[in-house]
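Dropping the structure in here first, questions after.
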Amino acid sequence: MAEQVRDTAEQWPERNGSTPFQGRVTGVRTEEVRMPDGSWARRDYQLHPGSVAVLALDAEQRVLVLRQYRHPVKRRLWELPAGLLDVPGENPLHAAQRELFEEAHCKAGEWRVLVDLYTSPGGSNEALRLFLATDLAEAEEERYAAHGEELEIETARVPLAELVRLILAGELQSPTMVSGVLALNAALAAGGLDALRPADSPWPARPF
């Protein structure tokens, strides 16, 4: 039974597809999809280039977290360093390394894939690859010049166990934070990090 519990690629018949809106990074796609009973149902969803995030864990089992304003939900959220895959064909590991440098002025000596997910598959095709970065150090290069909402980013290092407690208490709600922290906690409970995939593992959702 366990071998059968895995996601598979599939595409139902569709018609009348159009893209009524295309912004700088994301767009909206409209299609009619044929249902199993033969009827057609309209589906509107966000077109997204994909994204990466980094759970950076230091030698004291503390996680590097960022706090920034998110306008769609009108909240200031604690999150993990993350960014868009808005450069076509960019290696997701390179993008994650860049985000860790730009948002936290850090580098890491060891990288693994922590977890892959679709952030909201009922309404968006955004695929997220979340990396685990260890062997942390401050970057030697000059700090990245922040702009816009990044000017008010706060950083902190919080023990992993405390983040698990806060997530289960409903105090932290960023999807990258929730997914990354709980995935790492599960990996450690299952025997350690050696079972995690290499950082350059294939990613069918966003080939590179």
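The values are calculated or read from the model by the stated rules, or taken from the named source; none is laboratory data. These figures come from a predicted structure and were not determined experimentally. Cβ: placed from backbone, ideal geometry, glycine included. Neighbour counts: every protein chain shown. Ligands, DNA and RNA are excluded from the accessible area calculation, which covers all protein heavy atoms including side chains. Shrake-Rupley method; radii C 1.70, N 1.55, O 1.52, S 1.80 Å.
Stokes-Einstein diffusion coefficient for the chain at 4 °C in a medium of 1.567 mPa s, Rh from the Kirkwood formula over Cα pairs: what value in µm²/s? Working shown, then result.
Working: Rh = 18.7 Å.
For the chosen part, D equals 69 µm²/s.
Which value in nm describes the separation of the simple spin-label points at D7 and Q46, placed 7 Å from the Cα toward the beta carbon?
1.6
For R165 and D135, calculate 0.36 nm times their separation in residues minus their Cα-Cα distance, and state this gained length in nm to one decimal.
Full-extension gain reported as 8.4 nm.
I need the semi-axes of the equivalent ellipsoid of the stretch 75-131: take the C-alpha gyration tensor, multiply each eigenvalue by 5, square-root it, list largest first in whole angstrom.
Those come to 20, 15, 12 Å.
Run the quick spin-label model on R143 and S120: label points 7 Å from Cα toward the beta carbon, then report their separation in nm to one decimal.
3.2
If a helix is a whole DSSP H run, which ones in the chain reach 15 Å or further along their own axis (Cα) and hold a mean Kyte-Doolittle hydropathy of at least -0.5?
What comes out of the filter, once short or polar helices are dropped, is 175-189.
What order do you get for 3-16, 61-74, 188-201 when each peptide is scored by the mean count of other beta carbon atoms within 10 Å, highest first?
Values: 3-16: 7.6, 61-74: 14.2, 188-201: 11.7.
Packing proxy ranking, top to bottom: 61-74, 188-201, 3-16.
Something else about it: On the accessible surface of the stretch 70-208, probed at 1.4 Å, how many percent belong to carbon and sulfur atoms?
53
Give, in whole angstrom and from largest to smallest, the semi-axes √(5λ) of the equivalent ellipsoid of the stretch 11-127, with λ running over the eigenvalues of the Cα gyration tensor.
They are 34, 15, 14 Å, listed from largest to smallest.
How much net charge surrounds E32 when only the other residues with a Cβ under 13 Å from the Cβ of E32 are counted, with Lys and Arg +1 and Asp and Glu -1?
Once all neighbours under 13 Å are counted, the net charge is +2.
Ranked highest first by the average count of other Cβ atoms within 10 Å around their residues, in what order do 85-91, 129-135 fall?
129-135, 85-91
Tell me the label-point distance for the pair R67, I153, using the 7 Å Cα-to-Cβ offset, in nm and rounded to one decimal.
Here the answer is 1.6 nm between the modelled labels.
Before I look further, what does the chain give for accessible area per residue, probe 1.4 Å, in whole square angstrom? Mind showing how you got there, number by number?
Working: 12390 Å² over 208 residues.
Here the per-residue accessible area is 60 Å².
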